[in-house]
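Engineer: Here's a structure for you.
The values are calculated or read from the model by the stated rules, or taken from the named source; none is laboratory data. Small disclaimer: the values here were computed from a predicted structure and weren't measured. Virtual Cβ from ideal backbone geometry, glycine too; neighbours counted across all protein chains shown. Heavy atoms of the whole protein, side chains included, go into the accessibility calculation; ligands, DNA and RNA do not. Shrake-Rupley method; radii C 1.70, N 1.55, O 1.52, S 1.80 Å.
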Amino acid sequence: MFKIQKNPPAGRKSKGMTSFQVIILSFFCLILVGTFLLMLPISSQARCFTSFPDAMFTAVSATCVTGLVVKDTATYWSLFGQIVILTLIQIGGMGVITIGLAIMRASGKKIGLWQRSTMQESISAPQVGGIVRLTGFILKMSAIIELAGAVLLAPVFIKDFGVPKGIWYAIWHSVSAFCNAGFDLMGVREQFSSLTTYSSNAYLNTVIMLLIIIGGIGFLVWEDVGKYRHQIKKYSMQSKVVLLTSLILIVIPAVYFFFYEYEDLRMGDRILSSIFQSVTTRTAGFNTQDLAAMDESGTAIMIFLMLIGGSPGSTAGGMKTSTVAVLFLAAITVFSRRNDVQCFKRRLSDEAVRNAGAILFMYLVLYLTSGIIISRTESLPLLTCLFETGSAVGTVGLTLGITSKLSLLSRIILMVLMFLGRVGGLTLIYAALPSGENPNSRMPLDKITVG
């Protein structure tokens, strides 16, 4: 077992690993195990060894619930390989720490403070108290939702692929959608085609969208919904912010896509495709329309949505909806010349605002720098490469069709971005850097002009 010391005293080095380091290490170990399994001949349909770069890219993408692939999932990987990928998606979406804590609980082992604190960081819970109960709630609700999704999807896939394969496809796409992974098995019709053959199927589109939204709003929001039902006033401020921000980020882009991207479709298909595109762009990675056919304005909006991602403590990645909400509220505070950032008649802490600003800066720098490097390395249009890096760091999985054609350097960049997008930027920084300064000592105050 790793010894955890969450916040070592200033001036003293921690003798054990911090909770942030354990989270990073657990994801990394899962990726290595997945890479090894995917390299085995049994994992490919051709029964041949898969190269280490290809296997690792797939393992990273699955563990980080992204969906970018260099090998078509349906036609390259065998049933065993697909099971490995789906397992990585499930564990990566739920969180390695969540699964580990559940196994410890089932085996009857005592769950100590360090396990609880690590779980708290893993799912962005506000406190350690009640974390074991919350873990049980997360696992139970996830199983129920994924099973319900598979049952609802089964009739469609059984009709198209027969009973055995139809049931497998229903389970696969339910887990993939709920975990916001975007991996699909539609390559049996056309490689890398995602759900384009079902663009007019309102039933399947609706089920997939509901799974994506439920998986992306966060475990803590589930708890509020389960506890208070329709009594929204009793929800925590974070739940209210997440729900409102998510609604805005679905409706406004959908309106844009309806009026400017899908004018040539029939009214029903136009509405369906617009809503689906708005929902899936913020981390799910499925698509029902040709993304390369979109104009540059639509592509830019999609990049913006991909960078935002899902919500804290969810199966999704990206900067998170709450981060964008805090930055927006901070800007409103400056414009209105108020002293405190406020939301739903509550005051936000200065730490939350600082963290949000740091996350935005880090994501933009990594996203832009990576896009420029890939553009220069591959001699590809910058917007196309920025779309790819936005998809990676937001753990979305949408692509304009260049992923499988990229060089090793570009793939390594995308893997780093996917890993950072899933574990969280601040988690990675806190794991790498020592604890902050002594809170009892502060530098003299001075002024600097900005803006």
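Engineer: Out of all the residues in segment 93-104, is one or more part of a helix (DSSP H, G or I), of a type outside the set (Asp, Glu), open to solvent by less than 50 Å² (accessible area, probe 1.4 Å) and modelled with pLDDT of 80 or more? Full working, then the answer.
Structural biologist: Quick first cut of segment 93-104, residues part of a helix (DSSP H, G or I) only: 93-94, 96-104.
Filter once more, keeping what is of a type outside the set (Asp, Glu): 93-94, 96-104.
Subset that is open to solvent by less than 50 Å² (accessible area, probe 1.4 Å): 93-94, 96-102, 104.
When the remaining residues are screened for being modelled with pLDDT of 80 or more, the result is 93.
Checked against the condition, which is being part of a helix (DSSP H, G or I), of a type outside the set (Asp, Glu), open to solvent by less than 50 Å² (accessible area, probe 1.4 Å) and modelled with pLDDT of 80 or more, segment 93-104 yields at least one hit.
The rows are residues; the columns are (1) farther than 18 Å from residue 176 by Cβ; (2) of a type in the set (A, V, I, L, M).
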{"position": "239", "(1), (2)": "yes, no"}
{"position": "244", "(1), (2)": "yes, yes"}
{"position": "277", "(1), (2)": "no, no"}
{"position": "280", "(1), (2)": "no, no"}
{"position": "293", "(1), (2)": "yes, yes"}
{"position": "302", "(1), (2)": "yes, yes"}
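Engineer: State whether the residues of segment 173-190 include one that is in contact with a Gly (Cβ under 9 Å, 6 or more places away or on another chain), open to solvent by 70 Å² or more (accessible area, probe 1.4 Å) and closer than 21 Å to residue 58 by Cβ.
Structural biologist: Here is the first cut: in segment 173-190, the residues in contact with a Gly (Cβ under 9 Å, 6 or more places away or on another chain) are 173-184.
Within this subset, residues satisfying the condition of being open to solvent by 70 Å² or more (accessible area, probe 1.4 Å) are none.
No; the residues of segment 173-190 include none that is in contact with a Gly (Cβ under 9 Å, 6 or more places away or on another chain), open to solvent by 70 Å² or more (accessible area, probe 1.4 Å) and closer than 21 Å to residue 58 by Cβ.
Engineer: Return yes or no: is residue 254 open to solvent by less than 50 Å² (accessible area, probe 1.4 Å), among the small types (Gly, Ala, Ser), in contact with a helix residue (DSSP H, G or I) (Cβ under 6 Å, 6 or more places away or on another chain) and closer than 22 Å to residue 368 by Cα? Steps first, answer last, please.
Structural biologist: On the way: open to solvent by less than 50 Å² (accessible area, probe 1.4 Å): yes; among the small types (Gly, Ala, Ser): yes; in contact with a helix residue (DSSP H, G or I) (Cβ under 6 Å, 6 or more places away or on another chain): yes; closer than 22 Å to residue 368 by Cα: no.
Against the criterion (open to solvent by less than 50 Å² (accessible area, probe 1.4 Å), among the small types (Gly, Ala, Ser), in contact with a helix residue (DSSP H, G or I) (Cβ under 6 Å, 6 or more places away or on another chain) and closer than 22 Å to residue 368 by Cα), residue 254 does not qualify.
Engineer: Pull up segment 326-341, narrow it to residues that are open to solvent by less than 90 Å² (accessible area, probe 1.4 Å) and not hydroxyl-bearing (Ser, Thr, Tyr), then point me to the one that is farthest from residue 244 (Cα to Cα). Working first, answer last.
Structural biologist: Filtering segment 326-341 down to residues open to solvent by less than 90 Å² (accessible area, probe 1.4 Å) leaves 326-327, 329-333, 336, 340-341.
Still in the list and also not hydroxyl-bearing (Ser, Thr, Tyr): 326-327, 329-332, 340-341.
Working: 326: 13, 327: 15, 329: 13, 330: 17, 331: 18, 332: 17, 340: 21, 341: 17 Å.
The qualifying residue farthest from residue 244 (Cα to Cα) is 340.
Engineer: Looking only at segment 60-88, how many residues end up being within 15 Å of the chain's Cα centre (by Cα) and more than 16 Å from residue 399 (Cβ to Cβ)? Full working, then the answer.
Structural biologist: Residues of segment 60-88 within 15 Å of the chain's Cα centre (by Cα): 60-68, 88.
The next check asks that each one be more than 16 Å from residue 399 (Cβ to Cβ); those that pass are 63, 88.
Number satisfying all stated conditions: 2.
Engineer: Being over 23 Å from residue 343 (Cβ atoms) and surrounded by fewer than 24 Cβ atoms within 10 Å (Cβ to Cβ) is true for just one of 224, 290. Which residue is that? Outline the logic, then answer.
Structural biologist: Values: 224 fails: over 23 Å from residue 343 (Cβ atoms).
Going through 224, 290 in turn, the sole match is 290.
Engineer: Checking residue 361 against (1) at pLDDT below 85; (2) loosely packed, with under 14 Cβ neighbours inside 10 Å; (3) not polar (S, T, N, Q); (4) not in a loop (DSSP other than H, G, I, E, B), which test does it fail?
Structural biologist: Unmet condition: (1).
Engineer: Checking residue 307 against (1) closer than 25 Å to residue 346 by Cβ; (2) of a type outside the set (Lys, Arg); (3) within 21 Å of the chain's Cα centre (by Cα), which test does it fail?
Structural biologist: (1)
Engineer: OK, next. If a residue has to be surrounded by 14 or more Cβ atoms within 10 Å (Cβ to Cβ) and within 16 Å of residue 203 (Cα to Cα) to count, how many in segment 153-165 make the cut? Explain how you work it out, then say what you get.
Structural biologist: Within segment 153-165, the first condition is being surrounded by 14 or more Cβ atoms within 10 Å (Cβ to Cβ), and the residues that meet it are 153-154, 156-158, 160-161, 165.
Cutting the leftovers down to within 16 Å of residue 203 (Cα to Cα) gives us 153-154, 156-158, 160.
Qualifying residue count for the region: 6.
Engineer: Out of 40, 68, 88, which single residue is open to solvent by less than 20 Å² (accessible area, probe 1.4 Å) and farther than 25 Å from residue 140 by Cα? Let's see the steps before the verdict.
Structural biologist: On the way: 40 fails: open to solvent by less than 20 Å² (accessible area, probe 1.4 Å); 88 fails: farther than 25 Å from residue 140 by Cα.
Matching residue, one of 40, 68, 88: 68.
Engineer: Scan segment 335-362 and report the pairs whose first residue is in contact (Cβ under 8 Å) with a residue 40 or more places away in the chain and among the charged types (D, E, K, R) and whose second residue is assigned to a helix (DSSP H, G or I) and surrounded by 12 or more Cβ atoms within 10 Å (Cβ to Cβ), with Cβ atoms within less than 7 Å and a gap of 6+ or a chain change.
Structural biologist: Matching pairs, first to second residue: 346/237.
Engineer: So in segment 43-54, with the set limited to residues that are without any contact (Cβ under 8 Å) to a residue 40 or more places away in the chain and open to solvent by less than 60 Å² (accessible area, probe 1.4 Å), which one is farthest from the chain's Cα centre (by Cα)? Talk me through it step by step, then tell me what you get.
Structural biologist: So the first thing to find is which residues in segment 43-54 are without any contact (Cβ under 8 Å) to a residue 40 or more places away in the chain, and the list is 44-52, 54.
Applying the additional criterion that residues be open to solvent by less than 60 Å² (accessible area, probe 1.4 Å) yields 44, 48, 50-51, 54.
Details: 44: 26, 48: 31, 50: 26, 51: 26, 54: 21 Å.
Result: 48.
Engineer: Would a scan of segment 13-34 turn up a residue that is part of a loop (DSSP other than H, G, I, E, B), open to solvent by less than 20 Å² (accessible area, probe 1.4 Å) and at pLDDT 90 or above?
Structural biologist: So far as segment 13-34 goes, no, none of its residues is part of a loop (DSSP other than H, G, I, E, B), open to solvent by less than 20 Å² (accessible area, probe 1.4 Å) and at pLDDT 90 or above.
Engineer: Just checking, does segment 343-352 include any residue being touching a Gly at 6+ places or on another chain (Cβ under 9 Å) and surrounded by 14 or more Cβ atoms within 10 Å (Cβ to Cβ)?
Structural biologist: Residues of segment 343-352 touching a Gly at 6+ places or on another chain (Cβ under 9 Å): none.
The answer is no; no qualifying residue exists.
Engineer: Sticking with this structure for a sec: If we keep just the residues of segment 318-329 that are farther than 21 Å from residue 223 by Cβ and assigned to a loop (DSSP other than H, G, I, E, B), which is modelled with the highest pLDDT?
Structural biologist: The selected residue is 319.
Engineer: Out of curiosity, is residue 278 over 21 Å from the mean Cα position of the chain (by Cα) and assigned to a helix (DSSP H, G or I)?
Structural biologist: Values: over 21 Å from the mean Cα position of the chain (by Cα): no; assigned to a helix (DSSP H, G or I): yes.
Considered against the rule, which asks whether it is over 21 Å from the mean Cα position of the chain (by Cα) and assigned to a helix (DSSP H, G or I), residue 278 comes out as no.
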